[in-house]
Every structure is written in structure tokens, then in C-alpha cells.
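Peer 1: The structure follows.
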Amino acid sequence: MAESTPGRVGPPLRVVHLCFADDRGGAAIGARRSHRAMLSLGVESKLVVAKKFGDDVDVIELPARPWRRRIADRMSRYSRYLYTSGNPIIRTLNLVPMGTAEFLNAMDADVVQMHWIAADTISISELAKLNKPVFWKLPDMWAFSGAEHYINPGDPERYREGYRGDNRPAHESGLDIDRWIWRYKRRCWRDARFHIIGPSRWIADSARQSLLFKDFPIRSIPNPLDLDLYRPKPKDAARESFGLPQKKRLIMFGAMQATSDRRKGFQHLKAALDHLPEHLDAADTAFVILGADGAPGEKIAGFDMHYLGTIRDEERIVDAYNTADLLVLPAEADNLPNVVKEATCCGVPCAGFDVGGMPDMVDHLETGYLATPYDPIELAAGIAWVAERSTPEMRAEVRKRASGKHAHAVSIGRYVDFYNDVLGRKAASEALADDREGDARCAA
């Protein structure tokens, strides 16, 4: 008898995931983790990518299509000269058909599970041509916005209002590329039916409020994480392995491109450090930066800064988290940042701003601190609040709550339930159509 999957009776569910890559980025890592978690729970899963980095046999690279890729790359590159914007976030066009819909339509699968599909993984027009139920996990705001992946804090929420000429941010000029792409999405997807998954409540609520997705079914389901890998480990041994001080309180800041990606908030951390000596003694406290390089012996506001660089080996990443007494991520906007999810599963309490998906992972004044965006004085006080309470008891509670959200069986079970709800309705609808066709033949 075929092995059953969570929430399903009968043959295993067949899922094909689509993402730009299987590594090198939070969304790619999340797609790979979801794929592997499904495999571990008996789901027949394949991950299709435009760029493959690993050697997983269940990860399939799309055909190269070099001439289409050259056209898409040139369009993207030249479009950047057509407008100016105070929003530094990347913008994605996805206008050139890459043959991805045809490739996926030929695969033996029940559903298509999309992740980060920018960089022309699949074109906007192709999305409407997929012949299987489409589930779209939102890694950012691009799906229901224009060309931008996040809006600037304080900018008009055009994804809710519609992209009009009179609600364009004042800091933009030239071609309104966000409005153009949004209107193109609306035209291409007018008859489409996507099933939306928001890893955070914030992104799910934003999708519900958007003009593009407000009529689509939307559920909030946290991303899965391997809790056997991301776990608490002895702090002394972890610090020794990185050559970090044993006696000091260590505060971690981490992200992909930690100090250069403005959205991750290193500039806000530096502003908070000017106020932190009012709460914590710099002689007893140091900072660990994960995801960036820096000068040996660097100090900011009197605090020693230890840079670990970019680490790709997951066991070493777990060791790095376990060096820290707490983690701070003062992001300006973020969905469900991996660094916070991973750190909390290792039992590390966190501080940051009350934005995006942070409230899904940090319980304010219980397992961490969420400061008013973007107040450096309150952020400094919040860092100190967590630092003074980072006890073994708090760390155990942080781990317990994170495990209840991100365990494979919990997260993937909710994915499978969503799939089966849709597939069940689809099967019932097809059965009803067959009955009606049979009745019509009998009547004739």
C-alpha cells in the first residue's frame, strides 16, 4: 500500500516546487527546506529552479534558454535608467516567457508550489497558463505589488489603493514602472486562481488587503525548520570554536549581506549603540556580526565588533547562533526572516522592531522585545531588557515556542491540508461536471 501523507488518505501527494534557486538567499533556502521537509514526511516532492547550486537529485534545473535570458537581462538592466526612486529595493519585471509553464505542465504533479520566482524564473503571462492548482508562498510583496519587492516605510500603499498617477511616492520620477507592471499583472491574471500562503501574518494580511489578491484564498503558514539541526548547543564550546570571548555578553546581528542591505537595519543598530552604554557596560559586552566582514579590532560606540563573515555550512551557522546571548535584527521591513526563526529554534531570544513578521516569532516582553519602529533609543532599551533576562529558563521557553511553530510535521501538515482542501473541491467539481455531461447524453 502506498504511504500516506499528512492529512491525506491514499497515494502520496505529488508536489513540484518552483523557485529561482536552491541556495544563496533566504527564499531559496526556504524553498529547499520545504521540499526536503515534504520528502521526509512522505510527500513526492521535486524542486525546479532556474539556477542550481547543490547536488540534490530531486532538484531539477530548468532548460537554459540563453537567448531569452539575454533579452530578459538586458530589459531588466536598461529599465533601471528609466526611473529614479528613493526606494533602493530590487525591482523585477518577469516579462520574457522562459518556457517554464510548458515545462511544469508536462510534469507528473498534483500541485505547483511557487516560492521566489523573480529574475525571470517564470513570466507574468506564463503564470496564468499553468494547468495545475497553483499555491504561492509569498517571500515578499512582489506578487501583489508592482515591480518592487517591498515598499518604503511611509510610502503610499499602492498595492491596496491601486497604482494611480496621483499616489506615486514623491521621491520617484520618470517611468512609473511599478504602475506599469501592476497593471500588466492585473490584465494577465484576471481569470487566474492562485492559492496564497503567507509565512507571516503580516504578509498574509497585506495580500488580503491588496487589489490583486483580495479575492484569492489566503492562509498564513510558517516556514518549516529542521529542529534536530537547529537546536541549543553548549555555549562555551561554540564560542571557543570561533575564538570569541567566553566571559562577555555577546549580542549577535545577522543577515545575508548584513551590513550592506539597508532593509536589514544595520544603520539602526549603529544608532542604537550610541544609547546602549546607558544600559550595558561596553567592557562586558561585545557584538558578533554574522553575514559580513569587518576590520579586526573594530569598535562602535566603545563595543567590540567580531565579524564572522558569510557561513554556508548549516552546522557552523547553528554553532554561531549558540555563541550569542541574544540576537538583534532591527529590520525596516521583513517577512519571516530566517535569522530570527533559526536563532529562536536554537533558544536565542531576540530584539528588533515591531514590523512585518517579527511579532510572529518574538513575544514582546516574554521571549524578546519589539521596539517602536524606528526608535533607536527604545531599541537600545529593548536590547538591554533582553540581555538582562537571557537566562537558561528564557532560552528554554524561546526554543519551546519556536518549535511549536516551525516543526516539520506542524508546518507541512498545514501545507498538505491546504492542498487537499483545494484538490478535494477540484475533484468534486470535476465529478459534478461528469455527472451533468452523462445526464445530457442520456437526455439526448
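The values are calculated or read from the model by the stated rules, or taken from the named source; none is laboratory data. The structure displayed is predicted, hence computed values, not measured ones. No Cβ is skipped: glycine too gets one built from the backbone with ideal geometry, and neighbour counts run over all protein chains shown. All accessible areas refer to the heavy atoms of the entire protein, side chains included, with ligands and DNA or RNA removed. Shrake-Rupley method; radii C 1.70, N 1.55, O 1.52, S 1.80 Å.
Peer 1: Among the residues that make up segment 73-80, is at least one of them buried (at least 20 other Cβ atoms within 10 Å of the Cβ) and either over 23 Å from the mean Cα position of the chain (by Cα) or among the hydrophobic types (A, V, I, L, M, F, W, C) (or both)? Steps first, please.
Peer 2: As a first pass, look at segment 73-80 and keep what is buried (at least 20 other Cβ atoms within 10 Å of the Cβ): 76.
Now narrow it down to the ones that are either over 23 Å from the mean Cα position of the chain (by Cα) or among the hydrophobic types (A, V, I, L, M, F, W, C) (or both): none.
Looking for residues that are buried (at least 20 other Cβ atoms within 10 Å of the Cβ) and either over 23 Å from the mean Cα position of the chain (by Cα) or among the hydrophobic types (A, V, I, L, M, F, W, C) (or both), one finds none in segment 73-80, hence no.
Peer 1: Using beta carbons and a limit of 7 Å, which pairs, at least six apart or on different chains, have the first residue in segment 359-386 and without any contact (Cβ under 8 Å) to a residue 12 or more places away in the chain and the second one polar (S, T, N, Q) and open to solvent by 20 Å² or more (accessible area, probe 1.4 Å)?
Peer 2: Glu378/Thr372
Peer 1: Is there any pair with a first residue in segment 290-301 that is at positive phi and a second that is modelled with pLDDT of 95 or more and of a type in the set (Asp, Glu) whose Cβ atoms are under 7 Å apart and which are 6 or more apart or on different chains, and what are they?
Peer 2: Ala301/Asp274
Peer 1: Hey, does segment 416-427 have a residue that's open to solvent by 40 Å² or more (accessible area, probe 1.4 Å), at pLDDT below 95 and farther than 20 Å from Ile197 by Cα?
Peer 2: Yes; the residues of segment 416-427 include at least one that is open to solvent by 40 Å² or more (accessible area, probe 1.4 Å), at pLDDT below 95 and farther than 20 Å from Ile197 by Cα.
Peer 1: Ok, one more. Look at Thr372 and say whether it is at pLDDT 95 or above, among the polar types (S, T, N, Q) and either within 19 Å of Pro139 (Cβ to Cβ) or open to solvent by less than 30 Å² (accessible area, probe 1.4 Å) (or both).
Peer 2: In short, no.
Peer 1: I'd like the full set of residues that are modelled with pLDDT of 95 or more, within 20 Å of Arg14 (Cα to Cα) and aliphatic (A, V, I, L, M), limited to segment 42-83.
Peer 2: Selection gives Val43, Leu47, Val48, Val49, Val59, Ile60, Leu62.
Peer 1: Moving to a separate point now. Could you please give the count of residues in segment 93-148 that are of a type in the set (S, T, N, Q) and surrounded by fewer than 23 Cβ atoms within 10 Å (Cβ to Cβ)?
Peer 2: Quick first cut of segment 93-148, residues of a type in the set (S, T, N, Q) only: 94, 100, 105, 113, 121, 123, 125, 131, 145.
Remaining after also requiring surrounded by fewer than 23 Cβ atoms within 10 Å (Cβ to Cβ): 105, 123, 125, 131.
Final tally of qualifying residues: 4.
Peer 1: Tally the residues that are out of contact with any helix residue (DSSP H, G or I) (no Cβ under 6 Å at 6 or more places or on another chain), more than 24 Å from Asp334 (Cβ to Cβ) and assigned to a loop (DSSP other than H, G, I, E, B), restricting the search to segment 122-152.
Peer 2: Matching residues across segment 122-152 total 2.
Peer 1: Which pairs do you get when a residue that is more than 18 Å from Arg24 (Cβ to Cβ) and free of Cβ contacts under 8 Å to residues at least 24 places away in the same chain, found in segment 303-322, comes within reach of a residue that is surrounded by 13 or more Cβ atoms within 10 Å (Cβ to Cβ) and among the charged types (D, E, K, R), reach meaning Cβ atoms under 6 angstrom, with the pair 6+ apart or on two chains?
Peer 2: From segment 303-322, the pairs are Met305/Glu298.
Peer 1: Would you check which residues across segment 31-42 are buried (at least 23 other Cβ atoms within 10 Å of the Cβ) and in contact (Cβ under 8 Å) with a residue 60 or more places away in the chain and list them?
Peer 2: Ala31, Ser34, Met38, listed by residue number.
Peer 1: Criterion first (open to solvent by less than 20 Å² (accessible area, probe 1.4 Å) and within 28 Å of Lys137 (Cα to Cα)) does Val410 satisfy it?
Peer 2: Answer is no for this residue.
Peer 1: Condition first: free of Cβ contacts under 8 Å to residues at least 60 places away in the same chain and of a type in the set (D, E, K, R). Now tell me which residues in segment 97-131 satisfy that.
Peer 2: Glu102, Glu126, Lys129
Peer 1: Going through segment 230-255 one residue at a time, which ones are touching an Asp or Glu at 6+ places or on another chain (Cβ under 6 Å) and closer than 26 Å to Pro199 by Cβ?
Peer 2: Tyr230
Peer 1: Here's a follow-up. I'm checking my understanding of the structure. Among residues of segment 196-219 that are without any contact (Cβ under 8 Å) to a residue 60 or more places away in the chain and under 17 Å from Asp360 (Cβ atoms), which one is least open to solvent (accessible area, probe 1.4 Å)?
Peer 2: It comes out as Ile218.
Peer 1: Condition (residue is surrounded by fewer than 17 Cβ atoms within 10 Å (Cβ to Cβ), out of contact with any helix residue (DSSP H, G or I) (no Cβ under 8 Å at 6 or more places or on another chain), modelled with pLDDT under 95 and not acidic (Asp, Glu)) applied to segment 153-176: is it met by at least one residue?
Peer 2: Checking segment 153-176: at least one residue is surrounded by fewer than 17 Cβ atoms within 10 Å (Cβ to Cβ), out of contact with any helix residue (DSSP H, G or I) (no Cβ under 8 Å at 6 or more places or on another chain), modelled with pLDDT under 95 and not acidic (Asp, Glu).
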